[in-house]
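The structure appears below as C-alpha cells.
No value in this document is a laboratory result; all are computed from the given coordinates. Only a predicted model underlies this, so the values are computations on that prediction, with no experimental measurement involved. A quick note on method: Cβ atoms are made from the backbone with ideal geometry, for glycine too, and the neighbour counts reach across all protein chains shown.
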Amino acid sequence: MLKTAILKKNPELNIENYQIINIAATNATITGKIPKYQGEVEVNFITEKRINLKTISHLTLPAPISITKNEKYFALNEKVIKASEFSNKPLALGYQIQYFDSINNEITNHNQRAGEFYVVITANEGDQVWKDKTQKIKLNLNFKLINEINGQINKIVFDNNENIYLAGSDGNIYRCLANESNFTIMPGTIDGRNRGKNGHQIYSLTTDSKGNIYAGSGWGDIYKRKVSENEFKIIRYGNGGGAVTALTIDESTNDIIFAKLHYIAKIPNNDTVNAPISQQSGPLPGGNTMIIGLKANKKGNIYAAVTWPVWEHGIWDYTYLGHQSEVLKITFSKHFNTTTKQIYNINYHSIGSLDSDTKLKDFIIDENDNFYVSTENGSVYHYDKENSEFKLLTIVDGQAITMAHTQNNNIYIATTKPLIPVINGYIYKYFINEKKAIEINWPHETITSIVTDKSGNLYITTDNGKIYLT
C-alpha cells in the first residue's frame, strides 16, 4: 500500500490529513472535516520519493579527521555532511547532527577526544530528498601528532600556565608554550659533566602549586626551574648515587621530597646548592625496594608506591622476591629502625598492599583524593578507604604502565604488549560509573607517559620521541 494519496477532486487536499477507513487500488473510504469528502472518493496515489536516512550504515568522509584542541564535537558538522553519501543529494538546511560516545552518552557539546564515536543525522521535515534519521554510525577521530624530539620521552607535565615540559632520554628538558606546537630545549639540565647515557636521562619531573618545575636525573641530580627564570639550575648533585626515581613537593613546608631506589629524603627548597638532607628514611620494607611513585594529596599527605625488584644481569629488572607491593603513607617523625639500628626522621606505614605476584607500574591520586594503582599484569586497583584495602577495578590487556585521570574522575590507562620485535602500545578509558573499560583507537606506538591538562585533553608520549594530543 502506498503511503501518500491525493484527492482527485481537490489535489490540494492530502488524504493523509484524513482518517482512512479503507483504501483500495484506485479509491479510498475516508472521513474528514469537510462533509462533502466523506464517503468513498476517487484518489490519485503518489509514490514516496524521499530516501530514508536509516538506509545509510556508514559515512565516507573525504579525508580522515583529527581532533582539534578544545573544540566541541558539533564543530565536526561541516565535515560530516561532506560525506560522499550526500555529495549528489545534499541535506536540506535544518538537519540535526548528534554525537555519542561508546557507552551511548550524548557528547555533542563535549570537547573532542581521539578515538571512536557515533553520529546520528536527522533530516529536516521539509527536506524533499531525505527523511527520518540514520542509525548510529561509527566514526573515528585521529590522534594529532604535535611534535617529536630526538630520543625517548620519559615524562610529561604541565605548569600552571598550561606550558608543556618533556623529560628526554638525552638529558634535556623540552618546553612548548601553551597554544603552540614547537618545543625548545630548556637550558641548564646538562652542565658538561660526563655521566654517560643513563646518567644524562631525566627520569622524574614534577611541579609545585606556584608553577616551579623540578627534575631528577639518572645520575641522582635534582634541577629546579623557577617561574621567574627561563632555565633549570642544579640544586643537588647526585654524584652517581642512584637515579631520582620520583619527586614531589611537600606544600605544607615547600620542601622537596625525592626517592631513590631504596629510600626517601627531604631537602629544603631554596637556592642553596647541595643543601644538607634535612630528613631521611631508612631502607624501605623488604630491603631492595623500588619506589615507583611519590604523590601528595590535597591535604598535604605524602604517599609512596613501592615494589621489590632483584639484581639480575647488572640491572634492576623488577622481578619479585616474593614481597607484596604496597602504598606507604609517609610521616615526618623520628623513629628507630630495628634493622639498621639507626634513628631516622621519615617514617612510613602501609595503607594497603597487593598480592605478592602483583608488580606496581604506576600510582595516581585524582582530584577527589581517590587512589589508583596499575600493575604489570594489566590489573588496575582502587583504594577502598573504608576497608583500608585495594580492590580490583578492571583488567586491561597488557602491562598497565601508566595512568591519568579525567575531569569527571574516569581514568585513562596506557598499556604495553611485548612482542617480537617491537612493543606495542594500547590506550583504554575506564568509565567509573559504568564500570567499563573501552579501548581507544591508537596507532600502537609504545607509550611512555600520559597526562591530562586542565581542559581534560589527553597527551601521550612515546619511546620514539613523539607527543600526541587526543
Task: Loop-located GluC sites (Glu not before Pro) in segment 363-470, at most 16 other Cβ atoms within 10 Å (DSSP) - done: GLU367, GLU386, GLU434
Task: ³J(HN,Hα), Karplus 6.51/-1.76/1.60, whole Hz, each residue of segment 454-470, x for Gly, Pro - done: 5, 8, x, 5, 9, 10, 10, 10, 10, 6, 9, x, 9, 10, 10, 9, 10
Open item on the list: Over 5 Å intervals from 0, what percent of Cα-Cα pairs in segment 364-470 sits in each interval?
Closed with: 2, 12, 24, 25, 19, 10, 5, 2, 0, 0
- [ ] Starting at the first residue of segment 444-453, write each ³J(HN,Hα) from the Karplus equation 6.51 cos²θ - 1.76 cosθ + 1.60 with θ = phi - 60°, in whole Hz, x for Gly and Pro.
- [x] 6, 6, 6, 8, 10, 7, 9, 7, 10, 8
Task: Zone residues, segment 127-156, relative to ARG50, backbone N less than 18 Å from point 7 Å out along Cα-to-Cβ - done: 127-135
TODO: Mind scanning LYS391/LYS429; LYS155/LYS329; LYS69/LYS133 and naming the pairs with a C-alpha gap bigger than 20 Å?
DONE: LYS155/LYS329; LYS69/LYS133
Open item on the list: Skipping prolines and chain starts, which residues have an amide H placed within reach, meaning under 5 Å, of the one on ILE146, given they are 5 or more residues away or on another chain?
Closed with: ILE467, TYR468, LEU469
Open item on the list: Checking the cross-link filter: which aspartates and glutamates have an alpha carbon closer than 16 Å to that of LYS54, excluding same-chain neighbours under 8 positions apart?
Closed with: GLU85, GLU125, ASP127, ASP132
TODO: For GLY378, enumerate residues with amide H under 5 Å from its amide H, sequence gap 5+ or separate chain, H modeled in the peptide plane.
DONE: ALA400
TODO: Pop the C-beta distance of SER252 and ILE81 into the FRET formula with R0 = 56 Å and round what comes out to the nearest 0.05.
DONE: 0.50
Task: segment 74-197: mean projected area of Cα convex hull, nm² - done: 11.4
TODO: Along Cα→Cβ, 7 Å out, is where each label goes; now give me the distance between the ones at ASN70 and GLU439 in nm to one decimal.
DONE: 3.4
